[in-house]
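A short worksheet on the structure shown next.
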Amino acid sequence: MRLQDILIMLISGIGTIMMFIPFFWILFDIVEKGLPIVIQRGIAFLTEPPPLPGEGIGGIGTVLEGTLFMVGVGTLIAGPIGLFAGIYIALNPKSFLAKFGRVLVEIMVEFPTIIIGITVFLIFVVGLNFGASAIAGGIALSIIMVPYVTIQVSESLKIPKERFVEASYALGLSTKDVIRVLIGAGKNGILTGLLIGLAKIAGETAPLLFTTTTSFNLYLTSPTSPVSAIPVLIYVYAFSPFENWHTVAWGAAFVLTLIVLIIFMFSRIIIWRWTR
């Protein structure tokens, strides 16, 4: 092997190792400071409301409930939209609408989420008088999730389309039946897209600052009731002057990181099985 090749391999290896360092540094910091809090409080940390300033540790029950509800609402809205948009782009890749839709979702992936939060705030929170509610937060998260699902679905259906669509039409199947065949063939990729979108919106903070409340002791009573989320609690508590709030923020960061890692690992397993 030439010296130039060895040098390139060495630089590439060092770059790869340097890429790992920030991730494991952050992960170690979260586990070191957050895991002991969760172990100390046990299940109470996931069920009790956050504490008042300087009064114990409490838990993250209210914001965990809010996060799960808003992520669920976002998935229920974004899932069908992203699925059918991805199917259309995969079936009609040369049409103007499909090309325009593909460019649009790629722009939306890079779009600042804080702008989405402001827009939802002006339209739903203020304009339609939804208030800082769970449904407003869910709508904001759904807008963020749609492009991730659409891109993953359209990509996952490329190979099944090439294999099955022409054969399905040749057999006289209707468009509805062809779509059913595509969904069945690409179900692993579709599920992966949903999981990637879930992982993305579970940790979003910026749009929820405009659509939810910073009163963290409110349990969810209805879709229009004020509620908050784990990322918002972490943001507010981390910059507070109260030591017990800092402790809760570390515990909440560990729980949120664990949720995202579980979703990510599950999606990786699905992709591995799909590629096999």
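Within the stretch 62-84, can one find any residue that is charged (D, E, K, R) and free of Cβ contacts under 8 Å to residues at least 12 places away in the same chain? No, every residue in the stretch 62-84 fails to be charged (D, E, K, R) and free of Cβ contacts under 8 Å to residues at least 12 places away in the same chain. Once the stretch 56-66 is narrowed to residues that are in contact with a helix residue (DSSP H, G or I) (Cβ under 7 Å, 6 or more places away or on another chain) and open to solvent by 10 Å² or more (accessible area, probe 1.4 Å), the residue that is nearest to residue 101 (Cα to Cα) is 64. Applying a threshold of 9 Å to beta carbon distances and a minimum spacing of six or more residues, or different chains, the list of pairs starting in the stretch 212-227 at a residue that is over 11 Å from residue 137 (Cα atoms) and ending at one that is open to solvent by 40 Å² or more (accessible area, probe 1.4 Å) and of a type in the set (D, E, K, R) reads 219/65; 220/65. Of the residues screened, residue 17 is not one that is within 26 Å of the chain's Cα centre (by Cα), modelled with pLDDT under 90 and open to solvent by 60 Å² or more (accessible area, probe 1.4 Å). The helices (runs of 4 or more DSSP H) found wholly in the stretch 65-183 and carrying at least 3 residues that are under 23 Å from residue 198 (Cβ atoms) and at pLDDT 90 or above occupy 113-120, 134-156.
The values are calculated or read from the model by the stated rules, or taken from the named source; none is laboratory data. These figures come from a predicted structure and were not determined experimentally. When we count neighbours, we look across all protein chains shown, and the Cβ atoms used for this are built from the backbone with ideal geometry, even at glycine. Accessible surface is based on the protein model in full, side chains and every heavy atom, while ligands, DNA and RNA are left aside. Shrake-Rupley method; radii C 1.70, N 1.55, O 1.52, S 1.80 Å.
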